[in-house]
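As structure tokens, the structure follows; a few thoughts come after it.
Values quoted throughout were computed directly from the atomic coordinates according to the rules given, and no laboratory measurement underlies them. Only a predicted model underlies this, so the values are computations on that prediction, with no experimental measurement involved. Please note: Cβ atoms are built from the backbone with ideal geometry, for glycine as well, and neighbour counts cover all protein chains shown.
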Amino acid sequence: IYISDSTMVETIADSTLQKSGHYYSPRQKAWSYEDMDFEGLQHTAATYNRKKWFPEWAPAEIEIYEVKEKVASAKVKAIWGFDYMLLSKKNGQWIIDKVLWQSYTADEQQEYFRKLKGIWELNNTSQKE
């Protein structure tokens, strides 16, 4: 999703992928719950960062909780929030089966947008000079 390459989704998931999670909308001041399937993840990967708006400090951290013979669990911290993943080993390859995610809280989102706004303003000022 960071590099806007939907073809990579095929290497980490298959058509049985289940992704769902909670998104906090600062405008509505409310949480919503959303489901996403394999095609939805492909679309998100292709479009979410196509304008390259992610700052270089955007979090991209992976924490592996446990790995067994055929299953594993991990947490991914990203610019949109946290993904908790369950993986399965199929035909010798690790595939993401399920993802439960949550966006950052209202306070965390405000902090990110403050940082982004400051970077955009700095970039626009230096480009004008």
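Okay, here's what the table says:
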{"read-out": "Links that overshoot a 21 Å alpha carbon limit, given the list 68/90; 52/115; 29/98; 77/98; 29/51", "value": "29/98; 29/51"}
{"read-out": "Dipole of region 18-59, positive direction: furthest Cα of 31, 42, 21, with charges on the beta-carbon", "value": "31"}
{"read-out": "Value of Rg/Rh across region 29-74 [Cα atoms, Kirkwood radius]", "value": "1.07"}
{"read-out": "Total formal charge among the other residues, if their Cβ is under 10 angstrom from that of residue 73, Lys/Arg +1 and Asp/Glu -1", "value": "+1"}
{"read-out": "Note, ³J(HN,Hα) from phi for region 25-38, Karplus 6.51, -1.76, 1.60, rounded to Hz, x at Gly and Pro", "value": "9, x, 5, 8, 6, 8, 8, 10, 10, 10, 10, 9, 9, 4"}
{"read-out": "Residue-span extension gain [residue 12 to residue 62] - 0.36 nm each, minus C-alpha spacing", "value": "16.6 nm"}
{"read-out": "Charge sum, other residues only, whose C-beta stays under 14 Å from residue 103's C-beta, Lys/Arg counted +1 and Asp/Glu -1", "value": "-1"}
